[in-house]
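**Q** Before anything else, here's the structure in question.
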Amino acid sequence: MHSSLTLIYVIMMNKHLLKLMTLVIAMALVAVACGPKKTNEKAEPQKVTPKMLVIYYSQTSNTKMVAEEIAKRLNADMEEIVALQPYDGDFKATIERCVKEREQGLLPEVQPMKANLANYDVVFIGYPVWFGTYAPPVTAWLKTVDLSGKKVVPFCTFGSGGLESSVKDLAETQPDADIMEGYGVRAARLAAVPAEVDYFLKANGFIEGEYEKLEDFAEQHPVSEEETAIFNAAVDGYPMLHAQAKSVAQRSIPNGTEYLFIAMDLPREENADMPPAGEITVYVTVTDGEAPVFTKVVR
Ligand SMILES: Cc1cc2nc3c(=O)[nH]c(=O)nc-3n(C[C@H](O)[C@H](O)[C@H](O)COP(=O)(O)O)c2cc1C
């Protein structure tokens, strides 16, 4: 009796064990099928290169030079904004035409773009600063495009400044674009463009490579006699800049010092109709053995 009971028990247990083993094997198979796949391939990090377009307007080729430098460094596509009726007069004639167009609320017509913006993630937009903002052909072009969701990198050339004010206008015109601070350079300093563009593109991660990160400016302090002399030497001879330095901060740059002056704009005798801009910021660099130069004015 006892042994037959044992036999039944053993058979039942075996059945049970069989079910259990089947279950364990099934679970193991599922785990293998769903678990991480092991292959011999090395998982290379996927690097997606954004598609970049450099678009620019230039009347007298300064901005064109910067656009070409940027496009060359990025290996990016480039396109020029062309006014159907070109601004081909001299400085005075261009000013007069702009003033007239402004009074009449007119914008120049520009050629339709050849590039399809939908194909690009990053759009560099270059322009000369006219009347504190981008030149009218760029205003006209901006009305024909929607840069929503794109990374937009403004760059410009100017007599004394206008990067910040034009970028502010750009942000108002294209509120859903991701607009960067951008790069601006004085027409008188185009020789500095290759090195500055290199720094700008590296510092903002558009190209790889070593660069010397600039330190922040120190605290502002009232200008000394020596600093006033540096300021005056930097702005001397620039007709649109007649200002008195009040305070300054500085930082080291490769081979020299950069100064950030806060100055008071003074009335200009030769431009008596242009009221002073109040407090302005003037950036000045002094590189070893060279005379001070101002790099931009923020009004
Ligand atoms: C009509 C006109 C208006 C200008 N307005 C300004 C201005 O407001 N601020 C400034 O710093 N430079 C101004 N400039 C100087 C230009 O920005 C500068 O010369 C620029 O480098 C020209 O670039 P481009 O050669 O690409 O046309 C003006 C030039 C012109 C022709």
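Here, each number is a calculation from the coordinates, and none is a lab measurement. Source: prediction; values computed, not measured. Positions of Cβ are backbone-derived with ideal geometry, glycine not excepted, and every protein chain shown enters the neighbour counts.
**Q** What number of residues in the range 269-299 are assigned to a strand (DSSP E or B) and more than 15 Å from the ligand (Cβ to nearest atom)? Working first, answer last.
**A** First pass over the range 269-299, keeping only residues assigned to a strand (DSSP E or B): 279-287, 293-298.
Within this subset, residues satisfying the condition of being more than 15 Å from the ligand (Cβ to nearest atom) are 279, 284-287.
Selection size over the range 269-299: 5.
**Q** Here's another thing I want to ask about it. Is it the case that some residue within the range 129-148 is exposed (fewer than 12 other Cβ atoms within 10 Å of the Cβ) and near the ligand (Cβ under 10 Å from one of its atoms)?
**A** no
**Q** A follow-up question, please. Could you run through the range 62-113 and say how many residues are within 14 Å of the ligand (Cβ to nearest atom), acidic (Asp, Glu) and part of a loop (DSSP other than H, G, I, E, B)?
**A** Qualifying residue count, the range 62-113: 2.
**Q** Kindly indicate which of Ser165, Ser148 is closer than 30 Å to Asp236 by Cα and either touching a residue at least 12 places away in the same chain (Cβ under 8 Å) or touching a Cys at 6+ places or on another chain (Cβ under 7 Å) (or both). Please lay out each step first, then the result.
**A** Numbers: Ser148 fails: closer than 30 Å to Asp236 by Cα.
Only one candidate qualifies: Ser165.
**Q** If you check Leu266 against the conditions, is it under 24 Å from the mean Cα position of the chain (by Cα) and away from the ligand (no atom under 15 Å from the Cβ)? Give the derivation first.
**A** Numbers: under 24 Å from the mean Cα position of the chain (by Cα): no; away from the ligand (no atom under 15 Å from the Cβ): yes.
The answer is no for Leu266.
**Q** Looking at the range 184-236 only, could you name the residues that are surrounded by 18 or more Cβ atoms within 10 Å (Cβ to Cβ) and outside any helix (DSSP H, G or I)?
**A** Of everything in the range 184-236, those that are surrounded by 18 or more Cβ atoms within 10 Å (Cβ to Cβ) and outside any helix (DSSP H, G or I) turn out to be Gly184, Val185, Arg186, Phe206, Val223.
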